Amino acid sequence: PVYFLALNQTGGAAKIPALAAKVLTNFPDNEDALLVLADQSMNQKKIDAAGTYAERLLAVINRHPKPEGIPAADWERKKTAALGRAYWIAGLVHSERQQYMQADQDLRAALPLVQGNQAMLAPALFYLGLSNYNLGKQMLNKAQILEGAKFSEQAAALPGPLAQQAWTNAHLMKTEAEKMALGARRR
């Protein structure tokens, strides 16, 4: 991590992904390299690779004890940031693949970890809304559709490129839930 930081600060950031890939060949459980490659893959829209790296990172972080010589508070900060990013990436990948149950689980796990980071929070809420809506439609569950609308409204309240679509989605989801309720009353 220190070398990655030094490269980033000295203008060598372009070298970091190649270095991270080399690190993984010798240290396959290196959380810093996994995080770099998950981020890079996500940024390059390499969804399958991003998902693989994020899932590996989750497995590694969840089983790694605090390293020797690192204060507990520093380790918790690092662990929280890595888990938040990994759950977020995994959730977006599952949503992209229309694996709504897994997307819902991962994005719910990411939510408390990405609070305060609007660049991550808005997409997490947006895709949680879509996942819950789709799960609700599949299971004919009005409450879950309304939960999707709630997440969409929260995403709409955050400034950014997803706000307008989230607002539209929330209204469409509520309309769908109302139709579902009317259909149930008519039966």
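The values are calculated or read from the model by the stated rules, or taken from the named source; none is laboratory data. Keep in mind that what you see is a predicted model, and the values were worked out from it rather than measured. For neighbour counting, all protein chains shown are included, and Cβ atoms are generated from backbone atoms with ideal geometry for every residue, glycine included. Heads up: the accessible areas ignore ligands, DNA and RNA and are worked out on the full protein's heavy atoms, side chains in. Shrake-Rupley method; radii C 1.70, N 1.55, O 1.52, S 1.80 Å.
Before moving on, here are some points about what is shown:
- Surface accessible to a 1.4 Å probe, per residue, for the residues of the chain, Å²: 56 Å²
- With semi-axes defined as the square roots of five times the eigenvalues of the C-alpha gyration tensor, the equivalent ellipsoid of the range 108-187 measures 26, 13, 7 Å, largest first.
- The chain: most fluctuating residue of Gln98, Gln44, Gln154 per GNM, C-alpha cutoff 10 Å: Gln44
- Estimated [θ] at 222 nm from DSSP helical runs (n ≥ 4, -39500 (n - 2.57)) normalised by residues in the chain, nearest 500: -27000 deg cm²/dmol
- Dipole magnitude for the range 50-170: about 120 debye, using +1 per Lys or Arg Cβ and -1 per Asp or Glu Cβ, origin at the Cα centre.
- Using all pairs of distinct alpha-carbon atoms, the Kirkwood hydrodynamic radius of the chain works out to 17.8 angstrom.
- Computed 3J(HN,Hα) for the range 165-176, one whole-Hz value per residue from the Karplus formula 6.51 cos²θ - 1.76 cosθ + 1.60 where θ = phi - 60°, is 5, 5, 4, 4, 4, 4, 5, 5, 5, 5, 4, 4, glycine and proline marked x.
- In order along the range 91-98, the Karplus-derived 3J(HN,Hα) couplings, from 6.51 cos²θ - 1.76 cosθ + 1.60 at θ = phi - 60°, round to x, 5, 5, 4, 5, 4, 7, 6 Hz, and Gly and Pro are given as x.
- Structure remark: mean-square fluctuation, Gaussian network model of the chain, C-alpha springs under 10 Å; the largest value among Ala109, Ala177, Ala21 belongs to Ala21.
- Sequence-distant lysines (8 or more away, or on other chains) whose Cα lies within less than 18 Å of Lys22: none
- Table column - 3J(HN,Hα) (Hz), the range 120-126, Karplus curve with 6.51, -1.76, 1.60, x for Gly and Pro: 9, 5, 4, x, 4, 5, 4
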